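We did not get these values from a lab; they are worked out from the coordinates using the rules stated. The structure displayed is predicted, hence computed values, not measured ones. Cβ: placed from backbone, ideal geometry, glycine included. Neighbour counts: every protein chain shown.
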Amino acid sequence: MSSKFVRPAAEGADPFGTARLRRGVLDAWATSPARFREDANAEEDLALGGYRDRLVVELAQNAADAAARAGLPGRLRLTLRDGVLVAANTGAPLDAAGVESLSTLRASAKRDTRDTSSVGRFGVGFAAVLSVTDEPAVVGRHGGVRWSLAEARALAAETARHSPGLGDEVRRRDGHVPLLRLPYAAEGTAPAPYDTAVILPLRDAAAADLAERLLRAVDDALLLALPGIEELVVEINGESARTLTRRTDGAFTVVDDSAHGVTHWRTTAAHGPLTPGLLADRPVEERLRPHWSVTWAVP
């Protein structure tokens, strides 16, 4: 874990109720090992499947949502240095509902059915961080939360001592457990002037390569798709920081990229309600937000 920004919380300090969340999950696994299998499958599908190459997009979506909730222009800084990726953003700080959302894989804090500005997919996209790390953490002004594969394995093993069925499930997965289901309280601070930081100590060289590739692929499209973010800074291994800003100039959306210059874009967007029948077989979290949106952009 990157001690520069995050560390385990002091004993007894747990503002977001992570001990309660862990206890509930472990009790459910012990009672129904099939629940462990479902959680493990869900996390694996999200981390290694459709979300693997969406790491930067998901971090940016979370930043845009935080800015929208705070009613402020969004600023995001992505820094890759010394084997750690840090995504620092302005906006609404981490709270208990957000921690529970990040740790459930299913539910989300993004429940306002009237809010069409929230672009993240119910919090499940945070699982993309597992494509590069086994020890993610999120810290903000009022506390933080962290996860650890090693500690999750130890908790699952201890619980399995009293649940043979759970022990069988853990052994089938060679010790891998759905670590996001088992959060811990953390202490730390986001780098000024940001409100929240996602801290990802990278697992290995392959994870570092993936993170660098995704950061270098950042372009205007990210700011065009996420109008809540007005400034994006990318810094890779001590290189000069690259800054992208977004503004409106009459009929144009203007993106100023310190590395590639200024581009004027003609954009148009549309959104509307989805027919309830289209969501009839979808999870309840999706049915609660029956909206669609699309943006077109031409330079």
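Within 10 Å of each candidate Cβ there may be at most 11 other Cβ atoms; applying that plus a DSSP loop requirement, which GluC sites (Glu not before Pro) in the stretch 1-95 survive?
Of the GluC sites (Glu not before Pro), the ones in loops of the stretch 1-95 whose Cβ has at most 11 other Cβ atoms within 10 Å are Glu11.
At 7 Å along the Cα-to-beta-carbon direction for both Ala19 and Arg81, put a label point, then send me their distance in nm to one decimal.
Going by the 7 Å Cα→Cβ label model, 3.6 nm.
What ranking do Asp53, Asp281, Asp195 get, fewest neighbouring Cβ atoms within 10 angstrom at the top?
The order, fewest Cβ neighbours first, is Asp281, Asp53, Asp195.
What does the charge dipole of the chain about its Cα centre add up to, to the nearest 20 debye, if the Cβ of each Lys and Arg holds +1 and the Cβ of each Asp and Glu holds -1?
Computed charge dipole of the chain: roughly 460 debye.
Report the equivalent ellipsoid semi-axes for the chain in whole Å, largest first, defined as the square roots of five times the eigenvalues of the gyration tensor built from alpha carbon atoms.
33, 23, 17
Given the DSSP H assignment, sum -39500 (n - 2.57) over each helix run of at least 4 residues in the chain and divide by its residue total; what's the result at 222 nm in deg cm²/dmol, nearest 500?
Calculated from helices alone, the mean residue ellipticity at 222 nm is -9500 deg cm²/dmol.
With +1 assigned to the C-beta of every Lys and Arg and -1 to the C-beta of every Asp and Glu, and no other charges, what is the dipole magnitude of the stretch 115-244 about the Cα centre in debye, to the nearest 20?
540 debye
I'd like the FRET efficiency for Trp292 and Asp45, computed as 1/(1 + (r/R0)^6) with the beta carbon distance as r and R0 of 22 Å, rounded to 0.05.
That gives a FRET efficiency of 0.40.
In terms of modelled amide H atoms, which long-range or inter-chain residues lie less than 5 Å from the amide H of His291?
Distant-sequence amide H within range of His291: Leu274.
If you plug each phi of the stretch 233-250 into the Karplus form 6.51 cos²θ - 1.76 cosθ + 1.60 with θ = phi - 60°, what whole-Hz ³J(HN,Hα) values come out, in order, with x for Gly and Pro?
Whole-Hz 3J(HN,Hα) from phi for the stretch 233-250: 10, 10, 10, 10, 6, x, 5, 4, 5, 9, 10, 10, 10, 10, 8, 10, 10, x.
Give the long-range amide H neighbours of Asp134: residues separated by 5 or more places, or on another chain, with amide H under 5 Å away, using H modelled in the peptide plane at 1.01 Å from N.
Residues meeting the amide H criterion: Arg203.
List the residues, sorted by chain then number, that are 5 or more residues from Gly91 or on another chain and whose placed amide H is less than 5 Å from its amide H.
Asp195
What residue among Leu278, Thr196, Ala217 has its Cα farthest toward the positive end of the dipole of the chain, where the charges are +1 on Lys, Arg and -1 on Asp, Glu, each on the Cβ?
Value: Leu278.
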